[in-house]
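Notes for the one structure printed next.
Nothing in this text is a laboratory measurement; each read-out follows from the coordinates by a stated rule. Since the model is a prediction, treat every value here as computed from it, not as a measurement. Backbone-built Cβ (ideal geometry, glycine too); neighbour counts: all protein chains shown.
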Amino acid sequence: MLETQRIESLKTGILAGFAFAVAYGMTVLINVFILAPQWEIFAFLPKIGLVNLLVKGTFAYLSGFLFGVTYRYIIGSDDRNAFLKDGAVLAFGLVRGLAIAEISDNLRESFYLLVCLGIESIFCFAVARFTLDLALDRNWIEKFH
């Protein structure tokens, strides 16, 4: 029983990590090709570099993986509770999105960046959530009991 739960958690984490990474990749493309040319505050985006992008992508995958494992336990067998689902996405999204506030010296100058990172994080976790909800509804992943 315990081994089955671990395997299901691993499957959930892998699926959520992949969904999060794909969503993150889409937001990076939007940032580089749409936001960066229009707003000076995003001018650093095209200069990110491949190694930095791979590191950020790895962190994105790990964030999605941890979210997936935790999300499965949060909703448990109560998979109809929208407040739990939304709360998990919002909590993970805000923690990841607002982490920039810890390293920023002047929040006033980076306010728009902070807002964009928060929205990006919530979007990515929402994509992971809807992917997991689909997998749970189709019984690709077992619910936690």
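Which FRET efficiency, nearest 0.05, do GLU3 and LEU90 yield, Cβ-Cβ r, R0 30 Å? Don't jump to the answer; show the numbers that get you there.
Working: r = 32 Å, r/R0 = 1.08.
For GLU3 and LEU90, the calculated efficiency is 0.40.
Measuring from label point to label point, each 7 Å out along Cα→Cβ, what is the ASP78 to PHE111 span in nm?
3.8 nm
Full-extension gain between ASP133 and VAL51, please, as 0.36 nm times their residue separation minus the C-alpha to C-alpha distance.
Values: separation 82, 0.36 × 82 = 29.52 nm, distance 3.26 nm.
My answer for the length gained is 26.3 nm.
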